[in-house]
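Okay, so here's the structure we're looking at.
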Amino acid sequence: MKTFDQRYAPGQIHANWFKRGSAITALNGALRLSYRDGSLDWLLGDAPKVSVALHEGGCHVLPYEAFVEIIATGESAAIARIDAGPDNSSIAARAVRWCVSMAGFNGARLRRS
């Protein structure tokens, strides 16, 4: 997971694509998040839009991949901490990593005996 802080001027709109499980936390100031389910993009403007108001200290975790608009709604600048979500690698990559870790584990076990 990659975490970073982002500063928003009052009224500034920041739009980005986030993975499912990404967390957005308002560290300082108020934010409004607007997004819709990325799998419904083919519906264009007919897909239901979700709007969430975050006050200072509030956090929201995205339930699905989405194009998210983040807007600073207060009179002063807002700072958000964005956790980009879990690493969703392919099954094949996970299998290779597991095999490599097991080979290392077995090698360490054989050296000890």
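In the set (1) part of a helix (DSSP H, G or I); (2) surrounded by 14 or more Cβ atoms within 10 Å (Cβ to Cβ); (3) hydroxyl-bearing (Ser, Thr, Tyr), the condition left unmet by Ser39 is number (2).
Just name the residue that is nearest to Ile13 (Cα to Cα) out of those in region 50-82 that are in a strand (DSSP E or B) and at pLDDT below 90. Among those residues, the one meeting the criterion is Phe67. Restricting region 38-47 to residues that are touching an Asp or Glu at 6+ places or on another chain (Cβ under 8 Å) and of a type outside the set (A, V, I, L, M), which is farthest from Gln12 (Cα to Cα)? Per the criteria, the residue is Ser39. Figure legend. Inter-residue proximity from region 76-94: first residues closer than 15 Å to Val61 by Cβ, second residues modelled with pLDDT under 80, beta-carbon distance below 8 Å, spacing 6+ or different chains. Indicated pairs: Asp83/Met1; Asp83/Lys2; Ala84/Met1; Ala84/Lys2; Gly85/Met1; Pro86/Met1.
The values are calculated or read from the model by the stated rules, or taken from the named source; none is laboratory data. In this text, all values refer to a predicted model and were calculated from it rather than measured experimentally. Note that we place each Cβ from the backbone using ideal geometry, even for glycine, and neighbour counts take in every protein chain shown.
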